[in-house]
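The values are calculated or read from the model by the stated rules, or taken from the named source; none is laboratory data. This structure is a prediction, so every number in the text was calculated from the model and none was measured. Cβ placement follows ideal geometry from the backbone for every residue including glycine, while neighbour counts extend to all protein chains displayed.
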Amino acid sequence: VIDIRKLYGQTGAFTFDPGFTSTASCESKLTYIDGDKGVLLHRGYPIDQLAEHSTFMEVAYLLLRGELPKRKELDQFTYTISRHTMLHEQLIQFYRGFRRDAHPMAIMCGVVGALSAFYHDSTDITDPDQRMIASHRLIAKMPTIAAMAYKYSVGQPFMYPDNSLGYSGNFLRMTFGVPAEPFEVNPVVEQAMRTIFILHADHEQNASTSTVRLAGSSGANPFACIAAGIACLWGPAHGGANEAALNMLREIGTPDRIPEYIARAKDKDDPFRLMGFGHRVYKNYDPRAKVMQKTAEAVLKEMGVNDPIFDVARELEQIALNDEYFIEKKLYPNVDFYSGVILSAIGFPTSMFTALFALARTVGWVAQWNEMISDPDQKIGRPRQLYTGPTQRDYVPVDRR
Ligand code: ACO
């Protein structure tokens, strides 16, 4: 607690906590993290159990509604989501307005923000039914939006959703299928996609989720709030880290070059950091990274990919885990360390990695947004600041400055 009166002659006292390292912005019942033990629970269920046994639709239901669904509830929810997978046809014009080399995240920010112009019947945030419809729409349309961003960038025709497929299978078909040919969903790849989506579904008050909550706290419509979350996620310190991690692994190239990069990561005069390492909350192994490593092995085997970057990743992990600098600073692999390896083996270009993260995190964003709006004590988010600018002074006309 800083007494700012002493510093700037103002009254009052407040906490000064840049980066919010020890300030809780809200109460939440969704996700629990014990960063020291490396524990992540959604509504009480451990992430590794959800990743192994559950489906993305089940996890979405769990986060949104609070409990795992019974069979009938799950079928109904899955059906409801599948009914919302189409995009308004007019939105195709919107895509065509972008340059072909536009980053998919730029397209997603724009298209998701624009959804409020198409779905007026789900923008009244005071109506819980409309809030739920908006949430379903966002979860359902995100794969279509992301796949269309990809199709646009490679100059292939857009693929309409096939609601007979599951959430992940449908997304894979919309991304890699072409209208002229049948598309067979590879079950190992589909399972990997599902795992990646589950692992990214929510992560309490990370930067993008906090952004969604802050935007939503003013009463902004849900589509605008999720667009704000996408914008925040784009940064390399957040959702962009898997792209950065893969680029780093490619740059390292062969295991013999690892020591050079480890030395750079430790050098305080070098801005280089080991991407995919370290986390604001986890000071232990990120439980998602363990699942990700297993998934990477399964996908590389299935695809017959013999990519040396997987060897680089495994060896880099081993060296870092036994290095004093990383031990002392409690830097462990995070979820992004292996996800790029998997996504690249499946065939996604690196520019799509963060878009996939946004797709999955939409579930957490809408669940957190709903939780906040349903709270009768919810207030507009309005942090204070520690003013360090000039004290009051008089205006000087331009010719006398
Ligand atoms: N490589 C080398 N050193 C590191 C790394 C790293 N990846 N991460 C942190 N450190 C060092 C810092 O230099 C700092 O050292 P110092 O105490 O000598 O100053 C110390 O560890 C603490 O780091 P901070 O930046 O203060 O930790 P913070 O909690 O603010 O940062 C972050 C967390 C941003 C994730 C950081 O670890 C990082 O930049 N990692 C690489 C990027 C990355 O993988 N991001 C993905 C995060 S997960 C997600 O968004 C899904």
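Pairs linking a residue in the range 282-310 that is within 30 Å of Ser22 (Cβ to Cβ) to a residue that is basic (Lys, Arg) and not in a helix (DSSP H, G or I), with Cβ atoms under 9 Å and 6 or more positions apart or on different chains, are Tyr282/Lys330; Lys283/Lys329; Lys283/Lys330; Asn284/Lys37; Asn284/Lys330. Residues of the range 312-342 that are more than 14 Å from the ligand (Cβ to nearest atom), in a helix (DSSP H, G or I), modelled with pLDDT of 90 or more and not β-branched (Val, Ile, Thr): Glu315, Gln318. Screening the candidates Ala245, Ala289, Ala296 for the property of being buried (at least 16 other Cβ atoms within 10 Å of the Cβ), out of contact with any Asp or Glu (no Cβ under 9 Å at 6 or more places or on another chain) and part of a helix (DSSP H, G or I) yields one hit, Ala296.
Scanning the range 263-278 for residues that are assigned to a loop (DSSP other than H, G, I, E, B) and of a type in the set (A, V, I, L, M) turns up Leu274, Met275.
Considering only the range 212-221, I want to know if a residue exists there that is within 16 Å of the ligand (Cβ to nearest atom) and either of a type in the set (D, E, K, R) or buried (at least 18 other Cβ atoms within 10 Å of the Cβ) (or both).
So far as the range 212-221 goes, yes, one or more of its residues are within 16 Å of the ligand (Cβ to nearest atom) and either of a type in the set (D, E, K, R) or buried (at least 18 other Cβ atoms within 10 Å of the Cβ) (or both).
Each row is one residue, and each column tells you yes or no for (1) surrounded by 19 or more Cβ atoms within 10 Å (Cβ to Cβ); (2) within 20 Å of the chain's Cα centre (by Cα); (3) within 11 Å of the ligand (Cβ to nearest atom).
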| position | (1), (2), (3) |
| --- | --- |
| Phe223 | yes, yes, no |
| Ala227 | yes, yes, no |
| Gly253 | no, no, no |
| Glu260 | no, no, no |
| Arg264 | no, no, yes |
| Phe272 | no, no, yes |
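Only one of the numbered conditions (1) part of a helix (DSSP H, G or I); (2) within 14 Å of the ligand (Cβ to nearest atom); (3) not charged (D, E, K, R) is not met by Ala355, and that is (2). In the range 229-242, which residues are closer than 11 Å to Ser208 by Cβ, assigned to a helix (DSSP H, G or I) and within 13 Å of the ligand (Cβ to nearest atom)? Once the filter is applied, which keeps residues that are closer than 11 Å to Ser208 by Cβ, assigned to a helix (DSSP H, G or I) and within 13 Å of the ligand (Cβ to nearest atom), the range 229-242 yields Gly229, Cys232, Leu233. In this structure, does Ala134 turn out to be at negative phi and not in a helix (DSSP H, G or I)? Criteria not met by Ala134. Restricting the search to helices (runs of 4 or more DSSP H) fully inside the range 60-126 and requiring at least 3 residues that are within 18 Å of Trp365 (Cα to Cα) gives 104-114.
Rundown of residues vs (1) within 16 Å of the ligand (Cβ to nearest atom); (2) in contact with a strand residue (DSSP E or B) (Cβ under 8 Å, 6 or more places away or on another chain); (3) over 30 Å from Thr123 (Cβ atoms), yes/no style:
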{"position": "Glu297", "(1), (2), (3)": "no, no, yes"}
{"position": "Ile346", "(1), (2), (3)": "no, no, yes"}
{"position": "Thr350", "(1), (2), (3)": "yes, no, yes"}
{"position": "Gln378", "(1), (2), (3)": "no, no, no"}
